[in-house]
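Here's the structure, in structure tokens; my notes come after.
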Amino acid sequence: MKTYSDPGEQDPRRRRPDRIPQDPYLAWLEGALEEGKADLRERMKELSCLFAVDRALRRGDPEWRVSLQEVVDVLPSGFRLNPAPGARIRLGTEEVVTSGFRSTEWNMTRRIVADDRELGEVEVARSRPPPGGDAPFSLEEANLFASVADRLGEAMGRIHAEESLRQGEMFQRALIRASPIPLFSIDTEGSVVVWNPAAERVFGWSSEEVCGNPLPILGEADTEAFIGMRRRAADGETLTGVPFTCHRHDGSPAPVLLSISPVRLPFDDAGPRAILFAVQDLDDAESVEKTNRLQARLLDSVGQAVIATDLEGRITYWNRAAESIYGWPSTEALGRDILDLVPSVEAHREAGEVMETLRRGERWTGRMEVRRRDGSTFPALVTNAPIHDAHDRLVGVVGVSTDISQVRELEAQLRHSQKMQALGGLAGAIAHDFNNLLTVIQGHTEMLAHDLPRNSLFREDMQEIIAATHRATRLTRPLLALSRRQVMEEIVLDLGKSLADIEPLLRRLIPSRIQVEVNLVGKRATVYADPSQVDQVIMNLVVNAVDAVKGVGEIRLGVDRCTITPESAVTGPWEAPPGTYARLTVADTGEGMTADLAERVFEPFFTTKPPGQGTGLGLSTVFGIVKQGRGHVLLTSEPGEGTTFEILWPLVEAPGAVESAAKAGAGNSSGSGRDRDEIRLTEGAATVLVVDDDPGFRAVVQRMLERSGYRAVTATNGREAVDMLSGEAEGIVLVLSDVVMPLMGGSALLEYLEETGPGVPIVLTSGHPDRELPEDVRRRAAGFLRKPFGPAGLLRVVREALDR
């Protein structure tokens, strides 16, 4: 069995695994690959760049400067620019750059952060301006750049942590070696693993002679008593001041007092890994006093509160950490009943039961609420153990307590995030199936309406059904926003202009009893977002503010820029990390809300309105839209003081960028405003392959196409479509495919058609993809049609695709 004579040497079984970074780029790519939607050829450069960065950062600590140079040299390879951009990495006072690097106005910079501490920055810069006034870098390149910065922060943080760990281990080794108290430890098999110089001095054996062998200081008559003490320590007991007679190397007796403690790894539920012995040599009276003083200093140095009591619960020891955590100085705490720290009758009863358990000589570990001197309470993780005297009699209790308030906050944040994710997934699935059903309803209804005479009594009824499908389509948008899966059409837009454009509509919406103030001063705040979703966020927040103001009041709206520093970063369920943002503010002078209510306002279907007067989706829709757009929501409210919502979107620095029109290729018109005469026959009998896993959807699309003169064939997924196209192909001239399907989706089918080169164009259609449909996939497709749609919208996109 291998032993570790050096107390700082680490058993390989106890090494903690490296923390796996949560990389958004790789997480997206993994999901896209599973669903067959990733364009591998377009992503190969980014992946190669990331893998090269990872390979460089796997170097050891002494070679981190070489790693930085490799990273900065490989970074430009991930960008689709000609000439390639230059790159620079600064870490503290160290800086590495690519050959010929120069900083320009067409650049991106990102801070390198580890453990909320800024270590430096990374920058890429174009040597010449982008064509046509475009943004200097694409969204994919920005995401790649962010992933590289995160990896640098992760690697540098790991190097710093490893250095801190090494320093800590060296300090622990030095502390044990420098201790004037003889210290030694044995493993579970009884072999010595630690033997410090003071033990060498007292007993006469060197560490080389002892480590790895059975303890040599025991005589035959002492072995049974020692085994009993070792067994109790292995069961978790701590023994102090136990009289014992050991034997020195020269055979002379050594009367000592032994203090024995089990050694466990943090967060290890298994039994003790070793047993530590501290020896007080009774032949050296002066060392006894030194030992007592050293033990007091050691206990004052730990970061946890260490408290000892007698069997009556009176405090007999109170270290400095206890003074800091609880607020009472030791002069006031000593002699006080430990139950005075417990804030409620129930907790008093629980603490009493704990004391009874410890009086029976048993250990207790758990969480409990305790009170500070100022009356505030906090959750603590407490471990209590009994104290025995030299005659093995229970004389008191020693407890170690740690403030776990931050741990509890993180647990609450995790539970909230998981609940929102589950509800969002449910809402997205409902919206997906709902859009398929709406396409079936709308398609059949419009075909029936087309066949009716203009003076038919049923024509008006059919139009009402069609209008109802359009209203139902609008209802699915909040569900898609809640699930963060709505198909977005993002552009660079001026947030202030969006607010100014919608202001007249808002003033008509807000009652005259409420004064409206709009503030648009300051620099232009440009963001990358979907204009219709931005309007929906503003509208929902204003409607919420109107409901909150019961009488005369005021609503203030504004757009500006803001910067969040590491010191001012907001944490909790609605966290906002450091960065520069475009901020939309909606504040009201209404009733305000309590902290408990504020924690629930973004939950789907939660409302304080009477039944029938609210859906509970307004603010949850805001939350979903903002999170889907990589933004953050901040909420400030007090009862009677009104409420302020701050929406933070990442600021897009795009000189000369103006709000653009809706992106081309959307192809999402349902044809609701088209006259029946526009649904007309098409000459010829072109064959269209309809690919979708929903049989009702396939049937209605097939009927709409065949009624307009096309010939339609169907397939249930991309793999079946490939088989059909690989055969006779039956004269297929166009493919209309859903994006998300089992076995093979629309993006993978598009890639197949490009690689095999049959020259058949493909139109993609979707109610919502599990992820946003990549922009390059839309560009490569012959068209995109958003569900639900009717015959007019379908025929228009088909004709446009065939005319290309």
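The values are calculated or read from the model by the stated rules, or taken from the named source; none is laboratory data. The shown structure was predicted, so the numbers you read here are calculated from the model rather than taken from an experiment. FYI the Cβ positions are ideal-geometry reconstructions off the backbone, even for glycines, and counts take in every protein chain you see. To get the accessible areas, we keep the full protein, side chains included, count just its heavy atoms, and leave off ligands, DNA and RNA. Shrake-Rupley method; radii C 1.70, N 1.55, O 1.52, S 1.80 Å.
Could you look through the stretch 700-721, keep only residues that are open to solvent by 40 Å² or more (accessible area, probe 1.4 Å) and in contact (Cβ under 8 Å) with a residue 24 or more places away in the chain, and pick out the one that is farthest from A685 (Cα to Cα)? Can you show your working first?
As a first pass, look at the stretch 700-721 and keep what is open to solvent by 40 Å² or more (accessible area, probe 1.4 Å): 702-703, 706-707, 711, 714, 716, 719-720.
The next check asks that each one be in contact (Cβ under 8 Å) with a residue 24 or more places away in the chain; those that pass are 703, 707, 711, 714, 716, 719-720.
On the way: R703: 14, R707: 11, R711: 6, T714: 16, T716: 22, R719: 25, E720: 23 Å.
So the residue we want is R719.
Which numbered condition in (1) in a loop (DSSP other than H, G, I, E, B); (2) modelled with pLDDT under 85; (3) open to solvent by 10 Å² or more (accessible area, probe 1.4 Å) is the only one that D535 fails?
(1)
Restricting the search to the stretch 442-460, which residues are surrounded by 14 or more Cβ atoms within 10 Å (Cβ to Cβ) and in a helix (DSSP H, G or I)?
Just the residues of the stretch 442-460 that are surrounded by 14 or more Cβ atoms within 10 Å (Cβ to Cβ), to begin with: 442-450, 452, 459.
Selection gives Q442, G443, H444, T445, E446, M447, L448, A449, H450, R459.
What pairs can you find where one residue is in the stretch 638-649 and part of a strand (DSSP E or B), the other is open to solvent by 60 Å² or more (accessible area, probe 1.4 Å), and their Cβ atoms are less than 6 Å apart, with a gap of 6+ or different chains?
Close Cβ pairs (under 6 Å, with a partner that is open to solvent by 60 Å² or more (accessible area, probe 1.4 Å)) amount to G642/T589; T644/T636.
Would you say S103 is without any contact (Cβ under 8 Å) to a residue 40 or more places away in the chain, surrounded by fewer than 14 Cβ atoms within 10 Å (Cβ to Cβ) and more than 20 Å from A52 (Cβ to Cβ)? Write out each step before concluding.
Values: without any contact (Cβ under 8 Å) to a residue 40 or more places away in the chain: yes; surrounded by fewer than 14 Cβ atoms within 10 Å (Cβ to Cβ): yes; more than 20 Å from A52 (Cβ to Cβ): yes.
Considered against the rule, which asks whether it is without any contact (Cβ under 8 Å) to a residue 40 or more places away in the chain, surrounded by fewer than 14 Cβ atoms within 10 Å (Cβ to Cβ) and more than 20 Å from A52 (Cβ to Cβ), S103 comes out as yes.
So how many residues does the stretch 209-243 have that are in a strand (DSSP E or B) and either under 20 Å from T383 (Cα atoms) or at pLDDT 85 or above (or both)?
Restricting attention to the stretch 209-243, the residues satisfying the condition of being in a strand (DSSP E or B) are 214, 238-243.
Applying the additional criterion that residues be either under 20 Å from T383 (Cα atoms) or at pLDDT 85 or above (or both) yields 214, 238-240.
Number satisfying all stated conditions: 4.
Restricting attention to the stretch 75-96, which residues are of a type in the set (V, I, T) and either touching a Lys or Arg at 6+ places or on another chain (Cβ under 9 Å) or on the phi > 0 side of the Ramachandran plot (or both)?
Taking the stretch 75-96 and keeping what is of a type in the set (V, I, T), we get 89, 93, 96.
Within the stretch 75-96, just V96 meets the criteria.
Quick one: in the stretch 153-207, of everything that is open to solvent by less than 40 Å² (accessible area, probe 1.4 Å) and of a type in the set (V, I, T), which residue is nearest to S261 (Cα to Cα)?
I186
If you scan the stretch 143-188, which residues turn out to be among the hydroxyl-bearing types (S, T, Y), in a helix (DSSP H, G or I) and more than 15 Å from D115 (Cα to Cα)? Talk me through it step by step, then tell me what you get.
Filtering the stretch 143-188 down to residues among the hydroxyl-bearing types (S, T, Y) leaves 147, 164, 179, 185, 188.
With the extra rule that they be in a helix (DSSP H, G or I), the set shrinks to 147, 164.
Across the stretch 143-188, the qualifying residue is only S147.
Does R201 fit the bill of being at pLDDT 85 or above, more than 30 Å from D776 (Cβ to Cβ) and either among the polar types (S, T, N, Q) or in a helix (DSSP H, G or I) (or both)? Working first, answer last.
On the way: at pLDDT 85 or above: yes; more than 30 Å from D776 (Cβ to Cβ): yes; either among the polar types (S, T, N, Q) or in a helix (DSSP H, G or I) (or both): yes.
The answer is yes for R201.
Where residues in the stretch 778-797 are out of contact with any strand residue (DSSP E or B) (no Cβ under 7 Å at 6 or more places or on another chain) and small (G, A, S), which of them is surrounded by the most Cβ atoms within 10 Å (Cβ to Cβ)?
G790
With the condition kept exactly as written, say whether any residue in the stretch 512-523 is within 15 Å of G618 (Cβ to Cβ), open to solvent by less than 40 Å² (accessible area, probe 1.4 Å) and of a type outside the set (D, E, K, R).
Initially, the stretch 512-523 is screened for residues within 15 Å of G618 (Cβ to Cβ), giving none.
Within the stretch 512-523 (the criterion being within 15 Å of G618 (Cβ to Cβ), open to solvent by less than 40 Å² (accessible area, probe 1.4 Å) and of a type outside the set (D, E, K, R)), the answer is no, since none of the residues qualifies.
How about the stretch 101-126: which of its residues are small (G, A, S) and within 19 Å of P566 (Cβ to Cβ)? Before you say what the answer is, go through the steps one by one.
If we filter the stretch 101-126 for residues that are small (G, A, S), which is where we start, we get 103, 114, 120, 125.
Scanning the stretch 101-126 gives A114, G120.
Tally time: how many residues in the stretch 72-100 are in a loop (DSSP other than H, G, I, E, B) and closer than 23 Å to P131 by Cβ? Let's see the steps before the verdict.
Going through the stretch 72-100, the residues in a loop (DSSP other than H, G, I, E, B) turn out to be 79-85, 92-93, 98-100.
Of the ones still in play, those that are also closer than 23 Å to P131 by Cβ are 79-85, 98, 100.
Here the count works out to 9.
Are there helices (runs of 4 or more DSSP H) fully within the stretch 270-385 with at least 3 residues that are more than 30 Å from W195 (Cβ to Cβ) and at pLDDT 75 or above? List them.
Answer list for the stretch 270-385: 320-326, 330-333.
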